[in-house]
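Every number here is computed from the coordinates shown, using simple stated rules; none is lab data. Note that the structure is predicted; figures quoted are calculated from it, not measured. Because the Cβ atoms are built from the backbone with ideal geometry, glycine has one as well, and the counts that use them run over all protein chains shown.
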Amino acid sequence: MFFVLKLTVFFLVVSNIGVTTQGKDVDFTCYGFGGAKLSLDGIAQITSNGLLRLTTDTKQTIGHAFYTNPIHFLNHSSTGSTSVLSFSTTFVFAILSQYSDLSGHGMAFVIAPTRGLPGAFASDYLGLFNYTDNGKLTNHVFSVELDTVRSALFNDINDNHVGIDMNGLQSVASTPAYYFENIGRPVNLTLVSGQAMRVWVDYDGVHKHLNVTLAPINVSKPALPLLSKLLDLSPIMEESMFVGFSASTGSVPTSHYVLGWSFKLNGKAKELDISQLPKLPHKRRKPAILTIWLPIIASALLLVIVVGTLIMVRRKVKYEEVLEDWELDYGPHRFKYKDLYMATEGFKHNELVGIGGFGKVYRGVLPISKIEVAVKKISHDSKQGMKEFVAEIVSVGQLRHRNLVPLLGYCRRKGELLLVYEFMPNGSLDKFLFDSSMPKLNWVQRFRIIRGVASALFYLHEECDQVVLHRDVKSANVLLDGEMNGRLGDFGLAKLHDRGTDPQITQVVGTMGYLAPELSRTGLPNPSTDVFGFGAFTLEVICGRRPIDPRASSAEEQILVDWVFSCKRKGTILETVDPNMGIKYAEMNEMELVLNLGLLCSHCDPTERPTMRQVVQYLEGELPLPDLSSLGLLASGMTSADREGFLEVLNLSYPSSTQKKKTLSSPLVSGLVLSGGR
Ligand SMILES: *[C@@H]1O[C@H](CO)[C@@H](O)[C@H](O)[C@H]1NC(C)=O
Ligand SMILES: *[C@@H]1O[C@H](CO)[C@@H](O)[C@H](O)[C@H]1NC(C)=O
């Protein structure tokens with residue numbers, strides 16, 4: 001904390017009387033700056049222990065400190081010529097960035113025509129110039145910069161260099177910061193390290209030569225300078241100049257200290273005795289991670305949390321399902337919507353395998369068990385009756401028969417019910433019957449399918465605990481498993497239609513052409529209405545035609561059962577067999593049996609139809625089929641009233657054009673003929 005300012009008496013005298021002639025040697029040495037003749041501006045301060053602190057931890061600021069007295073570098077000889085006097089200076093500085101891993105801006109030793117540098121900018125401009133005056137010859141500013149930021153603006157070589165500047169920040173000479181060890185080996189220095197370092201600036205006015213030397217504080221002046229340049233300072237120098245320091249900060253708060261300074265005009269500045277220098281503050285530098293990265297990381301984290309929450313909310317909405325207390329008992333039969341969503345890849349269109357009367361069917365693979373399933377999406381709007389329906393679905397789901405498509409479970413969502421079935425790789429039977437691109441089934445396959453469906457219906461009607469009516473037996477509801485076994489699907493679903501309607505009047509459920517005629521009157525399904533549907537299905541499979549085919553070649557053939565019956569009466573029943581199948585002699589008996597059984601099941605008098613138990617027995621050959629001609633009732637039982645009822649139903653199914661109505665009315669004639677044949 002010493003301050004020694006030595007001015008020769010001569011200088012004091014000259015200075016005081018303001019004479020600006022040569023021979024006024026300025027010579028001072030400062031160990032700390034308490035009480036020194038310094039002009040400070042910006043945020044420059046002298047600390048309590050005498051350090052000159054040009055800047056402190058403030059962003060975008062400037063600090064200047066100039067030796068208060070002017071210095072007269074110009075020497076006017078008696079011959080009228082003017083030269084610049086030699087000078088030498090040495091100072092100890094330290095630059096501390098607030099963050100150990102981020103660099104602030106640097107500082108400079110300056111010779112300027114004023115004690116401050118008005119209009120100068122902070123950051124890259126080091127408090128020396130601004131963008132309008134930078135580089136102008138009228139500045140008359142010489143500086144040695146200790147720059148810790150690479151400014152592309154001034155073609156800086158790196159972010160740790162020493163440069164000689166004349167009137168601007170584009171250095172006339174610059175070099176990375178290093179010093180030469182005694183043996184001549186260069187050792188790099190980091191200006192912003194916070195370590196005190198020493199700089200020597202020596203100008204030889206005679207040879208117009210400038211040397212700048214840098215070394216760590218504990219190293220005496222290296223023999224080799226860092227920068228050595230022929231330089232004429234005469235364009236810079238005005239009659240009276242000021243020497244001092246300038247520093248600036250940018251976005252990274254940085255402190256610039258000068259610990260000691262000695263200067264001599266016309267001679268060699270006194271070497272500083274480092275033991276006399278004030279101590280630098282022991283500042284713990286915060287790693288940038290805390291003050292800069294932490295907020296960034298924190299906001300990134302916040303963003304992640306917000307985005308994550310949004311995603312989770314979206315997921316929750318996406319996978320939202322309805323689960324009520326009463327459903328908890330159905331544990332194993334309840335599927336998670338998310339699992340079904342994953343299984344069907346979000347109910348993707350190309351997983352759609354069918355659109356049925358109840359809804360769309362998607363193929364899928366369950367995520368964990370990898371079981372292949374078919375998911376049927378049924379939209380429903382009423383909550384009412386859902387509990388009963390689900391109870392029924394679950395109980396139906398417990399039914400197991402090798403000719404039923406296993407119902408694995410269900411899932412509920414708002415407005416949606418999803419039923420999960422075992423996937424049947426070969427799809428529905430109607431494709432094989434009516435799609436010309438599909439391979440044709442032979443008799444053995446068809447017969448097995450018919451027997452399979454019969455045994456499934458028998459199981460539903462009689463063998464399981466409750467009587468389950470299918471109510472929609474048709475080829476589209478028969479699926480084929482991997483071995484081409486027919487499996488009845490959609491059982492129990494018909495109940496879905498009943499819900500919400502007057503329980504006294506049950507809606508007619510099923511598909512036109514498979515509906516027993518009495519249904520149109522009574523609307524009451526019973527096992528024999530399923531038998532009627534089975535009859536229509538049987539004829540469909542064996543003839544390869546739909547029960548009602550408005551496009552059939554002749555009016556007679558439009559209603560399949562009528563056509564088969566009329567052929568039977570003509571004794572040509574086998575002509576109704578699907579021509580795609582071909583008839584083998586050995587199969588003729590079976591075919592005839594099945595055709596007759598189909599007719600019997602299609603009897604319009606429900607009491608005349610066999611039960612499913614009998615159907616199975618006929619098909620297995622355990623019971624002989626009654627002789628239809630002896631019955632004769634088939635025709636007589638079909639009263640014209642029944643026929644009309646039947647046709648009303650038909651017309652309902654094709655109500656769009658009168659043309660069709662007309663065509664469809666023609667079977668009425670055949671029906672009359674049929675009934676007239678008794
Ligand atoms: C730049 O500094 C000069 C003084 O050297 C001043 O007159 C001028 O207004 C400053 N320019 C700006 C843009 O501040
Ligand atoms: C010293 O710094 C220079 C450039 O600044 C670099 O090329 C060199 O590798 C450094 N040397 C050592 C030993 O770090």
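State all residues of region 141-155 that are in contact with a strand residue (DSSP E or B) (Cβ under 7 Å, 6 or more places away or on another chain), in contact (Cβ under 8 Å) with a residue 40 or more places away in the chain and within 16 Å of ligand 2 (Cβ to nearest atom); if no residue qualifies, say none.
Taking region 141-155 and keeping what is in contact with a strand residue (DSSP E or B) (Cβ under 7 Å, 6 or more places away or on another chain), we get 141-148.
Filter once more, so that each one left must be in contact (Cβ under 8 Å) with a residue 40 or more places away in the chain: 141-144, 146-148.
Those that are in contact with a strand residue (DSSP E or B) (Cβ under 7 Å, 6 or more places away or on another chain), in contact (Cβ under 8 Å) with a residue 40 or more places away in the chain and within 16 Å of ligand 2 (Cβ to nearest atom): Leu146, Asp147, Thr148.
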Residue list for region 168-186, filter: within 16 Å of ligand 2 (Cβ to nearest atom) and either crowded, with 21+ Cβ neighbours inside 10 Å or within 28 Å of Leu280 (Cα to Cα) (or both) | Ser171, Ser174, Thr175, Pro176, Ala177, Tyr178, Tyr179, Phe180, Glu181, Pro186
Scanning region 191-208 for residues that are closer than 18 Å to Ala269 by Cα and of a type in the set (A, V, I, L, M, F, W, C), the one nearest to ligand 1 (Cβ to nearest atom) turns out to be Val201
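For region 134-145, indicate whether the set of residues that are more than 16 Å from ligand 1 (Cβ to nearest atom), buried (at least 16 other Cβ atoms within 10 Å of the Cβ) and within 20 Å of Thr89 (Cβ to Cβ) is non-empty. Break it down into steps so the answer makes sense when it comes.
First, the residues of region 134-145 that are more than 16 Å from ligand 1 (Cβ to nearest atom): 144-145.
Narrowing further to those that are buried (at least 16 other Cβ atoms within 10 Å of the Cβ): 144-145.
Filter once more, keeping what is within 20 Å of Thr89 (Cβ to Cβ): 144-145.
Checked against the condition, which is being more than 16 Å from ligand 1 (Cβ to nearest atom), buried (at least 16 other Cβ atoms within 10 Å of the Cβ) and within 20 Å of Thr89 (Cβ to Cβ), region 134-145 yields at least one hit.
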Index of the failed condition, Ser100 passing every other in (1) within 58 Å of the chain's Cα centre (by Cα); (2) buried (at least 21 other Cβ atoms within 10 Å of the Cβ); (3) more than 16 Å from ligand 2 (Cβ to nearest atom) = (2)
The correct count of residues that are under 28 Å from Thr538 (Cα atoms) and not in a strand (DSSP E or B) in region 396-435 is 22
Which of the residues belonging to region 103-116 are within 16 Å of ligand 2 (Cβ to nearest atom) and hydroxyl-bearing (Ser, Thr, Tyr)?
-> Ser103
Might you check whether a residue that is surrounded by fewer than 21 Cβ atoms within 10 Å (Cβ to Cβ), in a helix (DSSP H, G or I), out of contact with any Asp or Glu (no Cβ under 6 Å at 6 or more places or on another chain) and not acidic (Asp, Glu) occurs anywhere in region 436-445?
-> yes
Would you confirm whether any residue within region 428-444 is more than 45 Å from the chain's Cα centre (by Cα), more than 22 Å from Asp530 (Cα to Cα) and among the β-branched types (Val, Ile, Thr)?
-> yes
Residues of region 242-278 being among the polar types (S, T, N, Q) and crowded, with 21+ Cβ neighbours inside 10 Å, in sequence order, are Ser246, Ser248, Thr249, Thr254, Ser255, Ser262
Looking only at region 156-167, count how many residues are surrounded by fewer than 19 Cβ atoms within 10 Å (Cβ to Cβ) and more than 16 Å from ligand 2 (Cβ to nearest atom).
-> 0
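Restricting to region 91-111, name every residue that is among the aromatic types (Phe, Trp, Tyr) and either closer than 21 Å to Ile217 by Cα or not in a strand (DSSP E or B) (or both). Spell out how you get there, then give the answer.
Restricting attention to region 91-111, the residues satisfying the condition of being among the aromatic types (Phe, Trp, Tyr) are 91, 93, 99, 109.
Listed by number, the residues that qualify are Phe91, Phe93, Phe109.
Yes or no: region 117-140 includes at least one residue that is without any contact (Cβ under 8 Å) to a residue 60 or more places away in the chain, more than 16 Å from ligand 2 (Cβ to nearest atom) and in contact with an Asp or Glu (Cβ under 8 Å, 6 or more places away or on another chain).
Narrowing region 117-140 to residues without any contact (Cβ under 8 Å) to a residue 60 or more places away in the chain: 118-119, 129-136, 138-139.
If we keep only those that are more than 16 Å from ligand 2 (Cβ to nearest atom) too, we end up with 118-119, 129-136, 138-139.
Filter once more, so that each one left must be in contact with an Asp or Glu (Cβ under 8 Å, 6 or more places away or on another chain): 119, 139.
Yes.
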Criterion: free of Cβ contacts under 8 Å to residues at least 40 places away in the same chain, more than 16 Å from ligand 1 (Cβ to nearest atom) and more than 58 Å from the chain's Cα centre (by Cα) - qualifying residue of Asn188, Asn211, Asn182 = Asn211
Give the number of residues within region 407-435 that are touching a Ser or Thr at 6+ places or on another chain (Cβ under 9 Å), buried (at least 20 other Cβ atoms within 10 Å of the Cβ) and either among the aromatic types (Phe, Trp, Tyr) or within 15 Å of Gly364 (Cβ to Cβ) (or both).
-> 1
By residue number, the members of region 187-220 that are loosely packed, with under 15 Cβ neighbours inside 10 Å and more than 16 Å from ligand 2 (Cβ to nearest atom) are Val206, His207, Asn218, Ser220
Which listed residue is more than 16 Å from ligand 1 (Cβ to nearest atom) and in contact with a Ser or Thr (Cβ under 7 Å, 6 or more places away or on another chain), from Ser97, Ser171 = Ser97
